[in-house]
Amino acid sequence: MFDPAAPYVRSLRHVTLDDVPSVGGKNASLGEMIRALEGKGVAVPDGFAVTADAFRATLEQAGLAESIYQALDRLDPSNVRELARVGRRIRDQVRAAPLPAAVADEVRRAYGALSAQYAEDATDVAVRSSATAEDLPTASFAGQHETFLNVRGVAALDAAIRSCFASLFTDRAIAYRTQLGFRHRDVALSVGVQKMVRSDLASGGVIFTLDTETGFRDVVLVTGAWGLAETVVQGRVRPDEFWVHKPTLRAGFQSIIRRERGNKATKLVYAEGGTKALREVRVRAEDRLRLILSDDEVLQLARWAVLIEEHYSARAGHPLPMDIEWAKDGRLGQLHIVQARPETAHAQATRPVIALYRLRERGRVLASGKSVGAKIATGRARVIHSPAQLPQFHQGEVLVAPMTDPDWEPILRKAAAVVTDEGGRTCHAAIVARELGTPAVVGTGTGTETVRTGDEVTVSCAEGDDGKVYAGRLGFEREEIDPSTLPEPPVPLMLNVGNPENAFHLAQLPSAGVGLARIEFIVSSWIGIHPMALLHPERLEDATTLAQIRRRTGGYDSPAEFFVDRLAAGVGQIAAAFYPRPVVVRFSDFKTNEYAGLLGGAVFEPTEANPMIGFRGASRYYDARYCEAFALECAAIRRVRETMGLRNVKVMIPFCRTVEEGRRVLAELERNGLSRGRGGGVEVYMMAEIPNNVILAEEFSDLFDGFSIGSNDLTQLTLGIDRDSELLAPLFDERDPGVKLLIQALVKSAHHKERKVGICGQAPSDYPDFAEFLVTIGIDSISLNPDSLAAVARRLASEHGAPTGGGVRAGALVVAR
């Protein structure tokens, strides 16, 4: 039994967040979760805390306290060599100092009680450092202090506790405290002793209750790998990733909007026998292809994460996103939460300023991996393979390394950007880079080989999930938008969103929703395979193509499921980002030559002299040559709306030539489970890009819920100009009087039938007078490229007398170009 009055050891069950001065941030958080959330189903392994008083008593008994703090007060942490020398000497002294008899006795009794609780003579425990200035919203101290896993027996526990005490004086912790203005003598160290979860037999990882790259608050990001979670935390593997949408999760939907499979090349497991507690082993090839968690397990972890966030936010009195570690017991199949602390990178954001970075040029790609932070930076590269090389690093260089650990933090603070071979979004390098506001590309695999010391490079994390390292210093632009300063325009302004990976970032702009999300972008970038090749691989004769398809679709129940899952993930990410604002998704509008360029596509596509006005858009959906593939597109939309619960998704039909064709497409949608109708059915819009769409606008209005003007195609077919022709480019102008008359006629006819009309594309962005024309004819919405939103909002507001500072109002529908 634990003695609640004991000064040196406290049961986690007797600890709350109010006890940080005594047991440190990590232990206080564990006790808080056990006391407040265990009754709500959140499973946290039991344990005890060795208090900060035990740490102080150990230093005092050994006569070390005054000499340690005097040495630290004299130390300049920017002198890396002196920092290493002083830190090493202090750590050696602390590790050698025996625990006072009273401390050792309380630890022995507490460990015996914990072992008896789990019916073991000497149970396996995790021994974690827990500093009294740790896991704060302003300072995470992530990875600054030591953790020891699979510790068994009183002697091993005693040594681990003393090593934890010593880790208060790691080089990185000394430098971090100095950087943040903490006095060394004001920070003490407690130690948490917690029953191990046998995740070495299953999996473990990290959860964030926001999107780590953008700070978007409406998702939970679950990451993990096989074995103990240390490989994820330390960036030794690229983990599996799962995004869960909070609002629809709360509404009871299976709202996993995206799954990304990592490489999971190695795992950390118990070392049975010998002197080492743990060993790292290779993961079997078939296990690398498997996701580490079932959907039900991901959703359970996400629900727990939301409960934890809600509880800590209520305690703090303001929203508090969380950084959580989880583990799955491979013997019992149970999930556990083993740590939780406030997330620091986005917690301090106060001004709602959104920065948009754009490369003005492109260069040769030297390396690519996962992007961290939506920024761009340039600098001279320095490749560092070991801590011994750290003194060579200079301020403003780009750090290129196999991976980083907390010992590297003094130079991470000097880096213009970071590039690593290993790691995922929750690895050490990624966490520190976010906290510092430094762009990082992690998990490149080959960065230390393809980038050389002295190379001038550009590190771009502004192009979506894939971060790139380019040769040379490339020009780029940075624009800051403060949404609170934007005026309210006279019509709703929406966004064209092509890349789902940018959706969480763009959703923070004050738009009325998404006017155009193109399925073909997701197919080309996230799938890359012709859907008919997935449905009919027997028609493919090229062995190399078949092998590539098998490799890409490995781990899925079928090639068709690969297509549906990836397309649903892309659409789902956009829809979740803007939820509950409307998101209009246009079904695929590849031309035959573009479809033929997809893997396996040449077998299924005819050769056309003019694909621009050929077998494209609506004509494909009911045709025997493509209708099976269209069924996959419909299945993905159903999954987004019905399984994920993202009912804000509406669909749009492109290039619908005749009224009869419109009827046939609607019948095909019905056949594939997408019934049109406002009473629970999906709203179906139609692209207006053919003169016949305008001439018969009232007839088309009887079939569709609204129109979206595709100004490029409408101009092409009105003026008889191939929009891809360089020879005729000077004649191509959406502002031609004939085009404007057609647009005005469409708006009039559609409004007569109580249908809305929107437009999107470059014309309103490039030509202010065209945007103003659209407002004067009563357009219901304008959808723009994201980098045009602020300028168009200000222009329209100034011309039409709208108030400033009101934001971009929500409403209406969308469009396309």
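Its alpha carbons considered, the range 190-256 gives a radius of gyration followed by a Dmax of 14.2, 41 Å. Note on the range 563-646: the C-alpha convex hull projects to 6.0 nm² when averaged across all orientations.
Pair-distance distribution of the chain: all C-alpha pairs, bin width 20 Å, starting at 0; shares per bin in whole percent are 15, 43, 30, 11, 1. Rounded to the nearest 5, the antiparallel percentage of DSSP beta bridges internal to the chain is 65%. Placing a label point 7 Å from the Cα of V365 along the Cα-to-Cβ direction, the residues of the range 511-526 with a backbone N closer than 18 Å are 521-526. Counting only heavy atoms of the protein chains and using a 1.4 Å probe, V365 has close to 70 Å² of accessible surface. Using a/c under 1.5 as the rounded threshold, could you call the range 244-330 rounded, prolate or oblate? The axes a ≥ b ≥ c are square roots of the C-alpha gyration tensor eigenvalues, and prolate needs a/b larger than b/c, oblate otherwise. Note, shape of the range 244-330 comes out oblate. Counting only heavy atoms of the protein chains and using a 1.4 Å probe, K468 has close to 50 Å² of accessible surface.
Between 0 and 90 degrees, the angle of helix 543-553 with respect to the longest Cα principal axis of the chain falls at about 60 degrees. Bin width 5 Å, alpha-carbon pairs only: give the P(r) of the range 51-97 as whole percents, running from 0 to the bin holding the largest distance. The distribution over the range 51-97 is 5, 20, 29, 22, 14, 8, 2, given as percents. The alpha carbons of the range 392-456 give a radius of gyration and a Dmax of 10.6, 28 Å, in that order.
Rounded to whole Å, the principal axis extents of the Cα atoms in the range 632-741 read 48, 28, 20, largest first.
The accessible area of M612, taken with all protein chains in place and a 1.4 Å probe, comes to roughly 20 Å². Along the charge dipole of the range 172-218, Cβ charges K/R +1 and D/E -1, which of H184, T214, G204 sits furthest on the positive end? Value computed over the given set: H184. Its alpha carbons considered, the range 657-712 gives a radius of gyration followed by a Dmax of 11.4, 33 Å. Given the pairs K267/K468; K370/K756; K26/K264; K328/K414, which span a C-alpha to C-alpha distance of over 32 angstrom in this model? Those over the limit are K370/K756; K328/K414. Between E286 and H385, the FRET efficiency estimated from the beta carbon spacing at R0 = 41 angstrom works out to 0.80. With R₀ fixed at 35 Å, the C-beta to C-beta distance from R551 to E480 puts the FRET efficiency at about 0.25.
Does the range 176-222 come out rounded, prolate or oblate, given a ≥ b ≥ c as the square roots of the eigenvalues of its C-alpha gyration tensor, rounded meaning a/c under 1.5 and, failing that, prolate meaning a/b above b/c? Oblate, because a/c is 1.5 or more while a/b does not exceed b/c. Converting the Cα gyration tensor eigenvalues of the range 446-488 into ellipsoid dimensions via √(5λ) gives semi-axes, longest first, of 33, 12, 6 Å. For the chain, the 222 nm mean residue ellipticity estimated from helices alone, with every DSSP H stretch of n ≥ 4 adding -39500 (n - 2.57) and the total spread over all residues, rounds to -10000 deg cm²/dmol.
Sequence-distant contacts, meaning Cα pairs under 8 Å at least 6 residues apart, place the relative contact order of the range 162-233 at 25 percent. Cross-link partners for K40 among the aspartates and glutamates, with Cα-Cα distance under 15 Å and sequence neighbours closer than 8 places in the same chain left out: E32, E309, E310. Note on R671 and R35: their simple-model spin labels are 6.4 nm apart, each label 7 Å out from Cα toward Cβ. Modelled label positions at A543 and T776, each set 7 Å beyond Cα in the direction of Cβ, lie 6.8 nm from each other.
With a Förster radius of 35 Å applied to the C-beta separation of A119 and R95, the computed FRET efficiency comes to 0.60. In summary, the convex hull built on the alpha carbon positions of the range 530-605 has an orientation-averaged projected area of 5.8 nm². Relative to the longest principal axis of the Cα atoms of the chain, helix 52-62 runs at roughly 40 degrees. Under the shape rule built on the C-alpha gyration tensor, where the axes satisfy a ≥ b ≥ c, the range 1-98 is prolate, since a/c reaches at least 1.5 and a/b is greater than b/c. Restricting the trypsin sites (Lys or Arg not before Pro) of the range 656-704 to loop positions (DSSP other than H, G, I, E, B) with no more than 10 neighbouring Cβ atoms within 10 Å leaves R678.
Our summary of shape: the Cα atoms of the range 120-247 have principal axis extents of 46, 43, 26 Å, ordered from largest down, in whole angstrom. Can you give the relative contact order of the chain as a percent, counting alpha carbon pairs under 8 Å and 6+ residues apart? Relative contact order comes out at 10 percent. Within a straight-line Cα-Cα reach of under 17 Å, K591 can be paired with the following aspartates and glutamates, leaving aside sequence neighbours fewer than 8 residues apart in one chain: E520, E605, E608, D623, E633, E689, D713, D722, D724.
On a per residue basis, the chain carries 37 Å² of accessible surface, using protein heavy atoms and a 1.4 Å probe.
Nonpolar atom fraction for the range 187-339, defined as the carbon and sulfur part of the 1.4 Å probe accessible area, stands at 49 percent.
The values are calculated or read from the model by the stated rules, or taken from the named source; none is laboratory data. The model shown is predicted, which means the values in this text are computed figures rather than measured ones. Because the Cβ atoms are built from the backbone with ideal geometry, glycine has one as well, and the counts that use them run over all protein chains shown. The area values use the complete protein model at the heavy-atom level, side chains included, leaving out ligands, DNA and RNA. Shrake-Rupley method; radii C 1.70, N 1.55, O 1.52, S 1.80 Å.
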